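Since the structure comes first, as structure tokens, the remarks are kept for the end.
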Amino acid sequence: MQHNVSASAPAAPAVLILGVGSFAHSLGTTLTAAGASVSTYLTRPYGHFAPSLVGPTFLPEAHPSPVPLFGPNGIDVVIPQSIDWAQQPWAADLLRSGVGIFSPTGEAMRIERERDFARELCTRFGIPFPRSFVAANRLEAEKILAAHPQPYVLKNPLCSPTSPIHTVMCETVEDTRAWLRQVDFAEGVFMQEYLGRAEAGHIVLVSGGEIHSLVTNQEYKYAFDGNQGIVAGAPLGGLVERDEHDQYGLARELIHPLQPWLREVNYHGPLQVTAIRRDGRWHVIEYNIRIGVTSGPMILKMLQDPVAAVLGTARNEKLALGFHDDLRFGCSLTLAGYGYPFTQVRGPRLPLTVNGPLAGNVWWNEVDCGADGGLLAAGHRIADVIALAPMLPAALEHAYATIRQLRVVGSYYRTDVGRSLWPPGTF
């Protein structure tokens with residue numbers, strides 16, 4: 001006698017990713033492998049091919065809001081790629097829908113969105129933060145520089161992928177003065193004291209009133225080997241180390257003191273701090289409320305049940321996180337395309353060759369499928385490669401073996417990830 005058990009089997013948790021490219025491809029693939037049903041609402045006009053390899057995709061031209069998709073697709077949780085979802089005309093409907101959001105909302109988003117608000121929070125809770133100023137225009141900025149002559153990191157006061165100013169690292173007063181003549185003051189400028197390059201980050205999940213450390217990470221933000229060139233729009237590589245015990249003290253010094261504010265604003269979601277170590281102390285550079293484009297898939301692969309972690313955090317529940325014992329380190333590498341990081345330079349659509357069966361994880365970014373079924377590089381960032389291993393050297397070796405299998409004319413990748421900026425707090 002046959003028994004039909006399918007009727008009582010629980011449905012797979014349904015995830016809707018708000019994003020494109022390698023972010024959607026990597027998270028979607030990882031969560032699908034962990035038992036979720038994944039679809040993607042495409043939020044930018046590029047990087048559409050890769051998410052289609054994971055599950056259904058939805059264009060905003062056909063679906064002006066993702067919210068009507070929730071019911072027919074049984075969506076349990078949405079995962080935003082960017083904080084810009086909160087400025088969309090459908091944001092209020094999303095919040096009212098009751099669907100879980102793997103991101104803090106409302107007042108809690110200000111810790112990333114508003115640079116000076118993060119500074120104020122650090123002052124309030126006694127957390128070291130570089131001396132910083134906000135100027136409305138070039139005249140005000142030059143007066144600040146004259147009164148406080150030192151190098152500054154120049155940022156937009158409001159954080160967004162479409163900000164008029166992307167991070168400019170000035171290492172001398174003369175650098176700062178020259179760049180103040182070039183930046184777009186449409187939203188003013190945030191001038192943050194330059195403290196050097198001994199940078200590291202730490203990522204936690206905040207849920208159920210508790211802070212859960214996940215990894216300490218390093219992003220390779222400069223475009224070229226030796227940490228040369230400009231700071232790119234997104235990292236060219238990264239490292240993560242499983243660090244639930246916060247061995248470097250980043251969470252203890254820079255996140256846990258925020259606990260009263262986190263509870264006050266009902267914060268639940270990822271939280272990342274990026275910091276510089278100077279004179280024996282960590283100083284906050286910025287906070288981010290996302291799991292990270294490069295770090296995110298590595299973190300989820302390290303967790304025994306990433307779907308439960310995402311759902312539980314979105315629902316502000318108590319978490320019981322388990323890690324795979326054999327996945328302690330991760331390395332990510334980016335294959336950059338023609339003209340990157342100088343995005344004013346546009347290259348042609350070029351054939352992408354994959355030499356042999358891929359040895360590791362490759363997440364396509366600005367890649368399309370040609371008429372003949374072959375792959376085409378269609379933009380500045382072609383692919384992200386990640387590898388995980390018990391020890392860092394093995395993760396590095398595996399990642400580099402994989403990225404060497406990819407070829408596009410005019411492309412490049414950093415060959416020195418892991419040779420500098422690690423251990424955390426060193427240069």
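The values are calculated or read from the model by the stated rules, or taken from the named source; none is laboratory data. Just so it is clear, the structure is predicted and the values come from calculations on it, not from any experiment. Every residue, glycine as well, gets a Cβ built from its backbone with ideal geometry; the counts of neighbours run over all protein chains shown.
Just one of the numbered conditions (1) in contact with a Phe, Trp or Tyr (Cβ under 9 Å, 6 or more places away or on another chain); (2) surrounded by fewer than 20 Cβ atoms within 10 Å (Cβ to Cβ) is not true of residue 323; which one?
(1)
Out of 358, 303, I need the residue that is assigned by TED's automatic domain parsing to the domain that holds residue 396 and surrounded by fewer than 22 Cβ atoms within 10 Å (Cβ to Cβ). Which one? Steps first, please.
On the way: 303 fails: assigned by TED's automatic domain parsing to the domain that holds residue 396.
Within the list 358, 303, the selection yields 358.
Give the number of residues within region 222-260 that are acidic (Asp, Glu) and under 22 Å from residue 386 (Cβ atoms).
Residues in region 222-260 being acidic (Asp, Glu) and under 22 Å from residue 386 (Cβ atoms): 4 in total.
Going by the structure shown, is residue 376 more than 26 Å from residue 44 (Cβ to Cβ), in contact with a strand residue (DSSP E or B) (Cβ under 6 Å, 6 or more places away or on another chain), hydrophobic (A, V, I, L, M, F, W, C) and modelled with pLDDT of 95 or more?
Numbers: more than 26 Å from residue 44 (Cβ to Cβ): no; in contact with a strand residue (DSSP E or B) (Cβ under 6 Å, 6 or more places away or on another chain): yes; hydrophobic (A, V, I, L, M, F, W, C): yes; modelled with pLDDT of 95 or more: yes.
When the stated conditions are applied, residue 376 does not pass them.
Tally time: how many residues in region 38-47 are surrounded by fewer than 20 Cβ atoms within 10 Å (Cβ to Cβ) and touching a residue at least 12 places away in the same chain (Cβ under 8 Å)?
Let us first name the residues in region 38-47 that are surrounded by fewer than 20 Cβ atoms within 10 Å (Cβ to Cβ), namely 44-46.
Narrowing further to those that are touching a residue at least 12 places away in the same chain (Cβ under 8 Å): 44, 46.
The qualifying residues number 2.
If you check residue 150 against the conditions, is it in contact (Cβ under 8 Å) with a residue 40 or more places away in the chain and farther than 30 Å from residue 12 by Cβ?
Details: in contact (Cβ under 8 Å) with a residue 40 or more places away in the chain: yes; farther than 30 Å from residue 12 by Cβ: yes.
Considered against the rule, which asks whether it is in contact (Cβ under 8 Å) with a residue 40 or more places away in the chain and farther than 30 Å from residue 12 by Cβ, residue 150 comes out as yes.
Looking only at region 308-318, which residues are buried (at least 18 other Cβ atoms within 10 Å of the Cβ) and either outside any helix (DSSP H, G or I) or under 18 Å from the mean Cα position of the chain (by Cα) (or both)?
Within region 308-318, the first condition is being buried (at least 18 other Cβ atoms within 10 Å of the Cβ), and the residues that meet it are 308-314.
Scanning region 308-318 gives 309, 310, 313, 314.
Scan region 387-422 for residues that are touching a Lys or Arg at 6+ places or on another chain (Cβ under 8 Å) and not in a loop (DSSP other than H, G, I, E, B) and jot them down. Explain how you work it out, then say what you get.
Narrowing region 387-422 to residues touching a Lys or Arg at 6+ places or on another chain (Cβ under 8 Å): 388-391, 421.
Matches in region 387-422: 388, 389.
Can you tell me which residue within region 271-300, out of those that are within 18 Å of residue 114 (Cα to Cα) and polar (S, T, N, Q), is surrounded by the most Cβ atoms within 10 Å (Cβ to Cβ)?
272
Check every one of the strands (runs of 3 or more DSSP E) wholly within region 211-293 and list those with 3 or more residues that are not small (Gly, Ala, Ser). Let's see the steps before the verdict.
Numbers: elements: 222-224, 228-231, 237-242, 269-278, 281-288.
Strands (runs of 3 or more DSSP E) meeting the threshold: 228-231, 237-242, 269-278, 281-288.
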